[in-house]
Amino acid sequence: MTPDAQPAPRPLRAAIDVLVFWAVFMAILQAPRLFLGAVPPAWAKLTWGTTVTLGALMLTLGVARVQRLRPRDLGIVPGRWSAVILPAGLLCGFALVVVQLALVASVLRLHASRDPRISFQAAGVMLVSFVALSAMEEVGFRGYPLRRLRGAAGSMGRPDRRRDRVRPVSPVRLWLAVGTGDDRASYCFRRGFLI
């Protein structure tokens, strides 16, 4: 462990930290209701998504400061591969939406046509709103909470390189590892190391 690295949090403490974070995040989600009535309806989702995303970023930075975590450890600072991963993720997401729409349209025999009442500006605002709402979700659920839970589940079922066996695992660590998509958990399941 490097001198500036943080020790892994205990699973119960990490779960409590994440629940408190989510409680504050839920308050941030509701706060824009106070002024969204003054925003034109076409811009409401964009305003809501942008406001909540900025609030969640401030909450994340505040939690990082209190817990002495680096923003880089929380995934909110672009890394070396961010320029490749972001477009690849957007492309994969777009491809999934196209495949889902094509399947639904073929099964239900739906046909698409452009509605002349919808302008390209409205479609652009909708697309930017979708990005803002997606960023809100990512920061609120996959930023600090995911990293915190993955850190707590870090030693879950790690193969012991000396003996090629798996160390004992507590049910809480197993739940956190599987729930957060820990790579070591999938390794253990693939190798049949269910404990």
### Summary
Note on region 1-120: contact order normalised by length, alpha-carbon pairs under 8 Å, 6 or more apart, percent, works out to 14
### Query
Can you give the accessible area of THR47, probe radius 1.4 Å, in Å² rounded to 10?
40
### Query
Residue by residue, what Karplus-based ³J(HN,Hα) values in Hz, rounded to whole numbers, does region 93-108 have, using 6.51, -1.76 and 1.60 with θ = phi - 60° and x for Gly and Pro?
x, 4, 4, 5, 5, 4, 5, 4, 4, 5, 5, 4, 5, 6, 6, 8
### Query
How would VAL131, VAL63 line up by accessible area, probe 1.4 Å, largest first?
VAL131, VAL63
#### Entry: Total charge dipole magnitude, region 1-100, about the Cα centre, Cβ charges on Lys, Arg, Asp, Glu only, Debye to nearest 20
140
### Summary
Projecting the Cα atoms of MET136, ALA152, TRP81 onto the charge dipole of region 48-156, where Lys and Arg contribute +1 and Asp and Glu -1 at Cβ, the residue farthest towards the positive end is ALA152
### Message
Give me a comma-separated list of calculated 3J(HN,Hα) values for region 60-65, in order, Karplus coefficients 6.51, -1.76, 1.60 applied at θ = phi - 60°, integers in Hz, x for any Gly or Pro.
### Response
4, 5, x, 5, 4, 5
#### Entry: Difference of contour (0.36 nm per residue) and Cα-Cα distance, GLN121 to ALA31
29.6 nm
### Task
Taking the Cα atoms of region 1-115, report the difference between the largest and smallest coordinate on each principal axis, in whole Å and largest first.
60, 39, 28
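The values are calculated or read from the model by the stated rules, or taken from the named source; none is laboratory data. Since the structure is predicted, the reported quantities are computational estimates derived from the model, not experimental observations. Methodologically, a virtual Cβ is constructed for each residue, glycine included, from the backbone with ideal geometry; neighbour enumeration extends over all protein chains shown. In case anyone asks, the SASA skips ligands and DNA or RNA and just uses the protein heavy atoms, side chains included. Shrake-Rupley method; radii C 1.70, N 1.55, O 1.52, S 1.80 Å.
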